[in-house]
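Here, each number is a calculation from the coordinates, and none is a lab measurement. Just so you know, these numbers come straight off a predicted model, no measurement behind them. Glycine also receives a Cβ, built like all others from the backbone with ideal geometry; neighbour counts cover every protein chain displayed.
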Amino acid sequence: MYRKNAWEKYDEKTEAKVMEFAEGYKAFLSYAKTERLAVKEAVRLLDSKGFKNVESVKSVKAGDKVYFINRKKNVCAFIVGKKPITDGIRILGAHIDSPRMDLKEHPLYERDEFVLADTHYYGGIKKYQWVTIPLALHGVVCKKDGSVIEVDIGENDNDPVVGISDLLIHLAADQLGKSAAKVIEGENLDVILGNKPLKGEEKKAVMANVLKILKDKYDFEEEDLVTAEIEVVPAGKARDYGLDRSMVAGYGHDDRCCAYTSLMALLDSKKLEYTGCCILVDKEEIGSVGATGAQSRFFENAIAKLLELAGEKEPLWKARLTMENSKMLSSDVSAGFDPLFPGVSDSKNAAYFAYGIVFNKYTGSRGKSGSNDANPEYYAWVRNVMDEAEVSWQNAELGKVDQGGGGTIAYILGNYNMNVIDAGIPVLNMHAPMEIVSKADLYEAYRGYVAFLNSK
């Protein structure tokens, strides 16, 4: 284990690689603001590297590269290894959803000549962090005729942005007497969309103007918003952070930094001994539930289909056997040690910026509730893989025991009797509109994932 700041071991050539890798990641993060967009970009990258959609494949053999898509919110990609698939798969799994706000089914209303959109926040957020910042709208509107309209407002330099207002300090005496949890209420996270009335309209003229703008640009009616899925996210691109450009600031590092590094590790792998896999899932921030969450049967079915294409009989039974023989890194972020808030961390078991990929033997909260708690024999095997590849790595817990905690998808795959451990990247400002990661940690995570996929 390299127990020093990873920048210290980089020569000039390697440091250039770290910076170049971060540029690709920044482009991904700036585009993939939602799980649908993350899947769309992942598929573009997979296609560029010769992967084929499984729907176009009739059989697979060693060296073949295929991917599965589930409801445009999951993607699962495989490189078939030399060994039988049933000997086990090397799996990298990450989630591509992030905390945000979603428009309600009946979102629009006019009040005092402002048009606002009512929202329901998604995942764990500090609500006060989401006011007075530029916001963008991304998603789809699904019409009764079966057509699907993509909405994208706020990212192009010529686009307007939207946002949530807050009280001016001069009138905030009562507001500032509230706790941080109550200073902004969830029902007040309403997005301002407009203030200009449509000429000739007598009632709700501002609403009429907003609806006309949406109709002219996207060709949908207000009633179509009932079957829409529009997410409210921070507007703007990921940026270099720090005078030394050693970090990246942006929305959605949790968990798209692990999704990108895992995907790139698979894309950059060639002939593998064991079948390699990267699976990107939805809904981790709300419990990994539903058809597109990690608890869905999608992944199990994908493995069964892969086995069927490889000529295996009884693919459903063999899929469960394969999963039991598999090894997985649950690629998810960890809480980075914050110098402004050292009291919430156990310094001996904290994740430090630029010290490399982080392994969490267990996550959960307080008494390890909801934790996977990886077997030490497997953890030792992973340690050896990292050390053999000279990957900088560290161990961590998610803060002090009684401070709180959090979960990942690790326990879900562990339910298949699979060896799983959490392995990801430390983050500052986790779940905030602007999160921070280290470029060195991004690169070391990528290197660690490559080493894992190529392990014997």
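A few points about this structure:
- Descending Cα extents along the principal axes, region 101-234, whole Å: 50, 37, 29
- The mean sequence separation of alpha-carbon pairs under 8 Å and at least six residues apart, normalised by the residue count of the chain, gives a relative contact order of 23 percent.
- Amide proton proximity set for residue 104, modelled H, under 5 Å, gap of 5+: 118, 119, 120
- Angle in degrees between helix 12-31 and the longest Cα principal axis of the chain, rounded to the nearest 10: 50
- Across region 64-69, computed HN-Hα scalar couplings (Karplus, 6.51 cos²θ - 1.76 cosθ + 1.60, θ = phi - 60°) run 6, 10, 9, 9, 10, 10 Hz from first to last residue, x flagging Gly and Pro.
- Looking at region 351-405, the trypsin sites (Lys or Arg not before Pro) that sit in a DSSP loop and have at most 16 other Cβ atoms within 10 Å of their own Cβ are 366, 368, 400.
- Per-peptide packing, taken as the mean over residues of other Cβ atoms within 10 Å, places 263-270, 391-398 in the sequence 391-398, 263-270 from highest down.
- Proximity of backbone amide H atoms, modeled 1.01 Å from N, is registered between residue 64 and 80 at under 5 Å, excluding neighbours fewer than 5 places apart on the same chain.
- Förster radius 56 Å - calculated FRET efficiency between residue 198 and residue 349, Cβ distance, rounded to 0.05: 0.40
- Residues in region 219-248 reached by a label modelled at residue 340 [backbone nitrogen below 19 Å; 7 Å Cα→Cβ]: 239-248
- Whole-Hz ³J(HN,Hα) from phi, Karplus 6.51 cos²θ - 1.76 cosθ + 1.60, for region 159-175, glycine and proline x: 7, x, 10, 10, x, 10, 7, 9, 5, 5, 4, 5, 10, 9, 4, 5, 4
- Zone residues, region 88-103, relative to residue 317, backbone N less than 19 Å from point 7 Å out along Cα-to-Cβ: 88
- Report note on the peptides 407-416, 51-60, 340-349: ranked by the mean count of other C-beta atoms within 10 Å, highest first, their order is 407-416, 51-60, 340-349.
- Likely footprinting exposure, 357, 169, 79, fewest C-beta neighbours within 10 Å first: 169, 79, 357
- Listed by chain and number, the aspartates and glutamates placed with their C-alpha closer than 14 angstrom to that of residue 33 are 41, 97, 102, 150, 152, 155, 229, 231, 254, 255, 282, 435; residues fewer than eight positions away on the same chain are left out.
- HN-Hα J in Hz across region 214-220 - Karplus 6.51, -1.76, 1.60, θ = phi - 60°, x for Gly and Pro: 5, 5, 5, 8, 10, 6, 9
- Sequence-distant aspartates and glutamates (8 or more away, or on other chains) whose Cα lies within less than 12 Å of residue 204: 110, 112, 113
- If you take all other residues with their beta carbon under 14 Å from the beta carbon of residue 179, and give Lys and Arg +1 and Asp and Glu -1, the sum is +2.
- Here the spin labels are modelled as points 7 Å beyond Cα on the Cα-Cβ line, and at residue 114 and residue 57 they lie 5.2 nm apart.
- Shape box of the chain [Cα atoms, principal axes, largest first, Å]: 72, 53, 44
- Restraint check, 361/456; 58/318; 72/126; 271/456; 270/305, Cα-Cα greater than 24 Å: 72/126
- The chain: calculated mean residue ellipticity at 222 nm from DSSP helix runs of at least 4, using -39500 (n - 2.57): -8500 deg cm²/dmol
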